[in-house]
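Remarks on the structure that follows.
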Amino acid sequence: MLLNPETISFLRQAYREFYFRQADSIEFPGDIQAREFGYMPFGGGMVRHLSFKSRGEAVAEILKQSPSSVYCSNARYESPSAPIEEKGWLGAELIFDIDATDIPTPCKRGHDLWYCEQSGHSGKLPGPQKCPKCGGPTAEFHGTCDVCLSAAKDHAQRVVRFLTEDFGVQAEAIGLYFSGNRGYHIHVTDGRFLPLTQAGRAEVSDYMLGASLPPNQTIASTLRRRPSGGGPFGEGWIMKISGYVEGRREGYQGTLQKLVSDAVSSQRAMVDSSVTTDIHRVFRLAGTLHGNTGMRKMRIASIDAFDSQRDPVVLSAKPVALNVRFYPRFRLNGSEFGPFRSQMAELPTFAAVSILTRGLGDVA
Ligand SMILES: [Zn+2]
Ligand SMILES: [Zn+2]
């Protein structure tokens, strides 16, 4: 999606205004000088392998560029600005990524759409290759709703539970962040995990996904050997499964195997393994804005009270006029917007950003 120069300049200005007001809320990890930084300009390609000596130097660059996205490595390096093979890897925090898009929820059929890039006509997926109205090219739009957003919240809480209950991580060593879009990042600063290899990280994410468990049948036969009413037993997954089954076994009509399968699917965390196992990755810096939404990646103190469609909305409400090609109805900061199809619209800046960054509208 190409952004026109007026749109790029509007977006940079909106982001810059935020960074001028809120530079203090950018949260840098420990050892800034050992981290690799990167950024993505609006309408441009990724810039990586940057390093900064101090917080002040990094903030000055963020203000100057006012980019679409700012990234920082979870790894520490001897030479963070060198090419990957020469950086000298010194360990990395363990990070988990939970995204509403990856969690199978029945609501997706309702908000995942095809639309025509020319006329703005739309419909449910799977869509036609060409628009039936005008013959123009079609594309897909993946939306969100309360159901998938609260599923993401639930899975983020499951990750925290695994970390504290099964891996003995202290609460102070767990940073829970909203990603700025439709998910959560969980950062673990516990020193035991810093030297973990890719294979070691894969073991941890497989464990949370329930991917390394024995077959349901085997677990069911272990449970069958224990009389019901004996309470949960074992540790780790066996404890979680036996605890779930215990309360439901009495009078249950289905098989024990089915109960075991439900116990796993209601407690596993749908983490993205490719994120956790990549030890040279850069992540969105906490306190900076997401490039597609204008919402802030932010640390969450109390996840129960957190509202992902209100709390991270930090851009101004200054109205801006747009030509919108297509955008479905959405809710943000307590208001409803759209739907829009090939029309002019005046929106608060914080709501206009998602339309503009996706190339679905231009500043008029
Ligand atoms: Zn069309
Ligand atoms: Zn949904």
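The values are calculated or read from the model by the stated rules, or taken from the named source; none is laboratory data. These figures come from a predicted structure and were not determined experimentally. Neighbour counts are summed over all protein chains in view; Cβ atoms, including those assigned to glycine, are modelled from backbone coordinates with ideal geometry. Ligands, DNA and RNA are stripped out before the accessible areas are found, and what is left, the full protein with its side chains, is counted by its heavy atoms. Shrake-Rupley method; radii C 1.70, N 1.55, O 1.52, S 1.80 Å.
So, in Å, what gap is there between the alpha-carbon centers of region 125-169 and region 264-283?
15 Å
Give me the net charge for the shell around Ser69: Cβ to Cβ below 11 angstrom, other residues only, Lys and Arg +1, Asp and Glu -1.
Residues close to Ser69 contribute a combined charge of +2.
What dipole magnitude, in Debye to the nearest 20, does the chain give about its Cα centre under +1 on Lys/Arg Cβ and -1 on Asp/Glu Cβ?
800 debye
Taking H as built 1.01 Å from N, whose amide H comes closer than 5 Å to the amide H of Ser69, not counting residues under 5 places away?
Amide H to amide H, under 5 Å and 5 or more residues apart or across chains, Ser69 pairs with Met40.
Taking the simple approach of a point 7 Å from Cα along Cα-to-Cβ for both Arg48 and Tyr252, what is their distance in nm?
4.6 nm
Once the convex hull of the C-alpha atoms of region 304-364 is built, how many Å³ does it hold per residue, rounded to a whole number?
Expressed per residue, the convex hull around the Cα atoms of region 304-364 is 78 Å³.
With the crude spin-label approximation of a point 7 Å out along Cα→Cβ, what separation in nm comes out for Ala364 versus Glu6?
1.0 nm
In Å, what Kirkwood hydrodynamic radius results for the chain from the alpha-carbon pair distances?
Taking the inverse mean of 1/r over all distinct Cα pairs, the chain comes out at 22.7 Å.
For the residue pair Ala199 and Arg299, what label-to-label distance in nm results when each label sits 7 Å from Cα along the Cα-to-beta-carbon direction?
3.5 nm
Calculate, for Asp31 and Ala60, the FRET efficiency according to 1/(1 + (r/R0)^6) with r their C-beta to C-beta distance and R0 22 Å; round to the nearest 0.05.
The formula returns an efficiency of 0.70 here.
Relative to the present Cα-Cα distance, how much length would full extension add between Ala317 and Glu17 at 0.36 nm per residue of separation?
Working it through step by step, the gained length comes to 106.8 nm.
Probe of 1.4 angstrom, ligands and nucleic acids ignored: what's the accessible area per residue over region 263-364, in square angstrom?
I get 39 Å² per residue for region 263-364.
Short version: ³J(HN,Hα) in whole Hz for each residue of region 199-216, in order, from phi by Karplus 6.51 cos²θ - 1.76 cosθ + 1.60 (θ = phi - 60°), x for Gly and Pro, what are they?
So the Karplus estimates, Gly and Pro as x, are 5, x, 5, 5, 4, 5, 5, 4, 4, 5, 6, x, 7, 10, 7, x, x, 3 Hz.
Applying a 10 Å radius around every beta-carbon, put 348-360, 118-130, 239-251 in order of their mean neighbour count, most first.
Most protected by this proxy first, the peptides run 348-360, 239-251, 118-130.
For Glu85 and Arg109, FRET efficiency with R0 = 56 Å and r from the beta-carbon atoms, rounded to 0.05?
0.80
Kindly list the residues of region 130-172 that lie in the label zone of Ser342, defined by a backbone N under 12 Å from the point 7 Å along the Cα-to-C-beta vector.
132-136, by backbone N distance to the label point.
Kindly provide the pair-distance distribution of region 56-172 built from C-alpha pairs, with 5 Å bins from 0 and whole-percent values in order of increasing distance.
Reading the bins upward from 0: 2, 9, 11, 9, 11, 13, 14, 12, 10, 7, 3, 1.
Could you work out the local net charge near His111, counting Lys and Arg as +1, Asp and Glu as -1, over the other residues with Cβ closer than 13 Å to its Cβ?
My count for the surroundings of His111 gives +3.
What's the ranking of 28-40, 98-110 by average number of surrounding C-beta atoms within 10 Å, highest first?
Taking the mean over residues of other Cβ atoms within 10 Å, the ranking is 28-40, 98-110.
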